[in-house]
Amino acid sequence: MTEHPAPAMVRFPGSQRVLLHRAAGRRARTVRTLTGSSDWRRDAAERVGGMLVALAGTRWLPAADWAWPSRSADALAADLRRSMPGLRIVGAVTPRQEGRRRLSLLCRYAGNPVIVKLGADEPGGSMSTEADVLRLLTDRPLPGIDTPIVIAAGALDIDGATVDFLATSAVGLGAQRPALDAPLRTFESDLTQRLSSLAPTGRATGADAMVAVHGDLTPWNLRRTRRGLALFDWEAAGWGPAGSDLDHYRASCDAVRPWWHRRRNGAAR
C-alpha cells in the first residue's frame, strides 16, 4: 500500500486565513503579524493561537491549503528557489476576499525572514507598481515611516498563467499593531516628492493638481512596530486628489476603533 506524504501546510489555531508549514515549528507563530488584523477580537484569537504554536509547534495542527495558486507549498517554494536559492516557506496568509488571487508568504532566505507576495493581474494595483515605489522609498525614506526593502521580483509560470512575485524584507515582524490616529501632517507632500519620477506626463497643476497616494492608507496597512510606524501594501499607489489618502485613513480609523473607545469618545462629546 502506497503511503502519501502528509500535506505541507496546516491551519493556524484561531484563524481561517493563516496557514503554517508543518516543518516550520515554533518560529511559525510570527506569521500572524502578516494579517494586519485591526479587529481586537480577531487579534486576540490570533495571539492565543501564536502562544499555542510557540508552546507546541505545528505538527499537531490540522492539514490545510490555499485555494490559489494551484501549487503545493513545496512546489511553489521550488519555483521561487529559481530566483532565490535556498528559500523555505514558513507560513502563508490568504486574502480576506474570497476568490482574490493574492497570497502572502513568510519565508526564510539567506538566514533571514522575508515576505513574498504573489499576485495575478487584478484591477487596482500590481506587484510591479509596489516594487517601483518601494525602491524609490528605499533611496529616499519617508520621515518617521519605515517601508520594506525589495529583495527580488519576477514572474512565475503556473499552469500557463503568469503570477508575479515580490520578495521584501520583513519589517516589524512579531510586534505590530494597527496605527490609529497617527500624526501624518506631511505625509502627502513627503510622498509626492519621493514619487515624482513616477508621475504621469501632463499632470494637472493648480487647483486640479494630483498628489501621490498610497491608495489604501488604513490602520491595517499602517502599523506601529518597535521601531515606530511602518507602511505596507503599496500595490495601489499612484496619483489621486489631494487629501484622499488622509480622508480614507481617518474613516478607516473610525470604522475599526474598539467599541469601548467609541463609547468613551461619544460620552466625552
Only listed residue being charged (D, E, K, R), over 22 Å from residue 220 (Cα atoms) and touching a Gly at 6+ places or on another chain (Cβ under 6 Å), chosen from 159, 74, 164: 164
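Please verify whether residue 93 is of a type in the set (Val, Ile, Thr), under 17 Å from residue 163 (Cβ atoms) and in contact with a Lys or Arg (Cβ under 6 Å, 6 or more places away or on another chain), treating the condition exactly as stated. Working first, answer last.
Values: of a type in the set (Val, Ile, Thr): yes; under 17 Å from residue 163 (Cβ atoms): yes; in contact with a Lys or Arg (Cβ under 6 Å, 6 or more places away or on another chain): yes.
Yes: the conditions hold for residue 93.
With respect to residue 67, is the statement that it is small (Gly, Ala, Ser) and under 21 Å from the mean Cα position of the chain (by Cα) true?
Details: small (Gly, Ala, Ser): yes; under 21 Å from the mean Cα position of the chain (by Cα): yes.
Considered against the rule, which asks whether it is small (Gly, Ala, Ser) and under 21 Å from the mean Cα position of the chain (by Cα), residue 67 comes out as yes.
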Enumeration of residues in segment 66-82 that are surrounded by 16 or more Cβ atoms within 10 Å (Cβ to Cβ) and assigned to a loop (DSSP other than H, G, I, E, B): 66, 68, 69, 71
Among (1) within 30 Å of residue 49 (Cβ to Cβ); (2) at pLDDT 95 or above - the single one residue 170 does not satisfy: (2)
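Given the structure, is residue 41 assigned to a helix (DSSP H, G or I), at pLDDT below 80, within 30 Å of residue 254 (Cβ to Cβ) and not β-branched (Val, Ile, Thr)?
Details: assigned to a helix (DSSP H, G or I): yes; at pLDDT below 80: yes; within 30 Å of residue 254 (Cβ to Cβ): yes; not β-branched (Val, Ile, Thr): yes.
When the stated conditions are applied, residue 41 passes them.
Looking only at strands (runs of 3 or more DSSP E) that lie completely in segment 135-231, which have at least 3 residues being free of Cβ contacts under 8 Å to residues at least 40 places away in the same chain?
Details: elements: 150-158, 161-169, 210-213, 222-225, 228-231.
So the answer is 150-158, 210-213.
Specify which of the listed residues (188, 235) is within 17 Å of the chain's Cα centre (by Cα) and of a type outside the set (S, T, N, Q).
Values: 188 fails: within 17 Å of the chain's Cα centre (by Cα).
The match here is 235.
Given the structure, is residue 44 of a type in the set (Gly, Ala, Ser), more than 17 Å from residue 19 (Cβ to Cβ) and without any contact (Cβ under 8 Å) to a residue 40 or more places away in the chain? Walk me through how you get there before you give the answer.
Numbers: of a type in the set (Gly, Ala, Ser): yes; more than 17 Å from residue 19 (Cβ to Cβ): yes; without any contact (Cβ under 8 Å) to a residue 40 or more places away in the chain: yes.
Yes; evaluated as a whole, the condition is true for this residue.
The values are calculated or read from the model by the stated rules, or taken from the named source; none is laboratory data. Nothing here was measured: the structure is a model prediction, and the numbers come from that model. We place every Cβ from the backbone using ideal geometry, glycine too, and count neighbours over all the protein chains shown.
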